Each structure stands twice: as structure tokens, then as C-alpha cells.
Amino acid sequence: MFKLLTSAAAILLTVAGLASAQTPPGFSPEVTARLEIIFGTKSVMTPGQSMTKAETAKQPTVGISDSPTSLSGTYLWMMIDQDVPANFQNPSAGGRRTNLHAMISGFKMSGANTTITMSDGTPMAVYTLTSTATGPVAYVGPVPPAETPAHPHRYVNLLYETPKDFAVTKAQVGQTLGFNLTQFVAANGLGLPVRGNWFNVTA
Ligand SMILES: *[C@@H]1O[C@H](CO)[C@@H](O)[C@H](O)[C@H]1NC(C)=O
Ligand SMILES: *[C@@H]1O[C@H](CO)[C@@H](O)[C@H](O)[C@H]1NC(C)=O
């Protein structure tokens with residue numbers, strides 16, 4: 001009986017984990033706490049939602065919808081494409097590599113909120129995070145190359161807590177193409193991401 005209960009609980013936990021993953025299947029580290037991403041009047045309502053190049057051309061507003069006080073520190077926001085073809089001439093021949101589209105430090109809760117509309121029409125307050133920084137890597141909108149067959153690119157957004165005076169230069173970040181998150185996190189003493197979300201853009 002005890003065994004049965006334990007495995008039932010494990011299954012429930014697994015299902016809940018899958019349902020609330022805010023990072024793509026197989027992405028490590030998995031993040032379950034949601035970062036709200038708002039591009040103008042369109043927000044990423046469900047993780048992995050399809051967006052267009054035009055919609056995502058400008059840096060989004062980021063925030064949280066669960067509590068205005070749950071993030072009291074200073075944060076680093078990153079957006080990383082997971083699907084850059086390693087072989088541009090023949091994308092299906094090579095593997096895929098990453099490209100860092102944004103890394104911006106100094107985010108804090110702004111104390112303000114903005115309202116987004118849920119798919120059922122319900123309004124929801126998003127407590128925004130703002131930063132006066134534009135780097136170390138300024139936002140570059142998605143421009144996935146056309147491929148046959150079409151290949152959606154996954155843009156993973158992650159929020160890391162940092163020390164208040166955290167500073168990293170563009171040179172320390174290095175090449176944006178092939179950006180190695182594991183290495184960067186270890187080299188800069190960051191922990192696990194506190195928030196995440198992702199969307200797709202197809203050429
Ligand atoms: C959003 O901000 C406004 C203006 O500061 C405030 O009056 C309102 O209570 C806030 N809404 C929520 C849900 O916190
Ligand atoms: C990223 O860096 C880690 C740690 O150095 C290494 O194990 C891993 O293979 C690297 N990933 C890629 C895709 O190069």
C-alpha cells in the first residue's frame with residue numbers, strides 16, 4: 001500500500017512538473033517558475049507559443065504575475081536561441097547550436113504593473129521588472145533563416161539572481177554564437193534560474 005501511494009505520488013509530481021515546465025522539453029536546467037514575457041500588446045501566454053519575427057523584433061517587457069513581492073533581488077535576463085544550424089548551407093546535415101540574443105543585468109521589481117489579457121479574456125496584472133542596463137549583450141530580435149522543411153527556433157528566456165554589483169562585460173561573455181550557458185553560469189557563480197519561459201519563431 002505504501003509503495004502504491006509513493007508511486008502514485010511520484011506520477012502526480014511528474015505530471016505536475018511536465019504541466020508547469022517553463023523551459024523546452026529536454027532543456028537543462030528545467031525551470032518551473034514562470035517569467036512573463038510581453039512583446040508590445042502580445043504576450044507569451046503558453047510556454048513554446050509561436051511568435052513572428054515582427055512581433056519579437058523589439059526587447060520585451062518581462063515580469064511576474066504571481067506576486068508583486070516574490071523577487072526582491074537583482075536579476076540577469078538572458079534569451080538564447082537553441083536552434084541555429086551548425087551548417088548554414090545544409091541545415092539538415094549539421095547539428096544545432098545556440099545563439100545568445102540578449103543578456104541584460106540589473107533587473108529589479110519596478111513597483112509598477114501592466115495588465116495582459118488571458119486567452120479567456122480575463123485581465124491579469126503583471127508586475128514588471130526593469131533595468132537601466134542594456135547589456136552586456138543588447139537585445140537582438142529573432143531572425144531564423146528559412147529552411148526546408150521549416151525549422152522552428154526555440155528562444156529560451158531565463159532569469160538568474162545576481163549579486164547587486166554583478167558586472168560582466170561583453171568580452172567576458174565571449175561569442176554569442178555557440179554560447180555555453182553551463183560554462184557561463186559556473187564561471188560567474190550563478191545558481192539555478194529563478195524564472196523561465198520560451199517561445200518559437202519560424203522563418
Ligand atoms: C497596479 O498598479 C496600480 C497603480 O500603481 C495600482 O493601483 C494597482 O493596485 C496595481 N494592481 C495590482 C493588481 O497590484
Ligand atoms: C558547455 O560547457 C560544459 C562545461 O564546460 C561542457 O561539458 C559542455 O560540453 C559544453 N557544451 C557544448 C555544447 O559545447
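The values are calculated or read from the model by the stated rules, or taken from the named source; none is laboratory data. All figures in this text were calculated on a predicted structure; none of them were measured in a lab. Cβ coordinates were reconstructed from backbone atoms using ideal geometry, including for glycine residues, and neighbour counts include every protein chain displayed. We work out accessible area using only protein heavy atoms, side chains counted, and drop any ligands, DNA or RNA first. Shrake-Rupley method; radii C 1.70, N 1.55, O 1.52, S 1.80 Å.
General observations
- All conditions in (1) closer than 29 Å to G174 by Cβ; (2) within 16 Å of ligand 1 (Cβ to nearest atom); (3) buried (at least 17 other Cβ atoms within 10 Å of the Cβ) hold for M103, with the sole exception of (2).
- Residues satisfying the stated conditions in region 49-103, i.e. within 17 Å of V194 (Cβ to Cβ) and assigned to a loop (DSSP other than H, G, I, E, B): S65, D66, S67, P68, T69, S70, L71, S72, G73
- S20 being touching a residue at least 40 places away in the same chain (Cβ under 8 Å) and more than 30 Å from T169 (Cβ to Cβ): no
- Qualifying residue in region 145-152 (condition: of a type in the set (A, V, I, L, M, F, W, C) and touching a residue at least 60 places away in the same chain (Cβ under 8 Å)): no
- Scanning region 157-197 for residues that are in contact with a Lys or Arg (Cβ under 8 Å, 6 or more places away or on another chain), of a type in the set (A, V, I, L, M, F, W, C) and open to solvent by 30 Å² or more (accessible area, probe 1.4 Å) returns a single hit, L177.
- For region 157-181, a residue qualifies if it is outside any loop (DSSP other than H, G, I, E, B) and either without any contact (Cβ under 8 Å) to a residue 40 or more places away in the chain or closer than 21 Å to L71 by Cα (or both), and the qualifying residues are N157, L158, L159, Y160, E161, T162, K170, A171, Q172.
- Given (1) open to solvent by 40 Å² or more (accessible area, probe 1.4 Å); (2) within 16 Å of ligand 2 (Cβ to nearest atom); (3) touching a residue at least 12 places away in the same chain (Cβ under 8 Å), index of the condition A86 fails: (3)
- Summed over region 109-156, the residues that are more than 16 Å from ligand 1 (Cβ to nearest atom), open to solvent by 50 Å² or more (accessible area, probe 1.4 Å) and part of a strand (DSSP E or B) give a count of 1.
- The lone exception for A102 - which of (1) modelled with pLDDT of 95 or more; (2) closer than 20 Å to A203 by Cα; (3) more than 12 Å from the chain's Cα centre (by Cα) it fails: (3)
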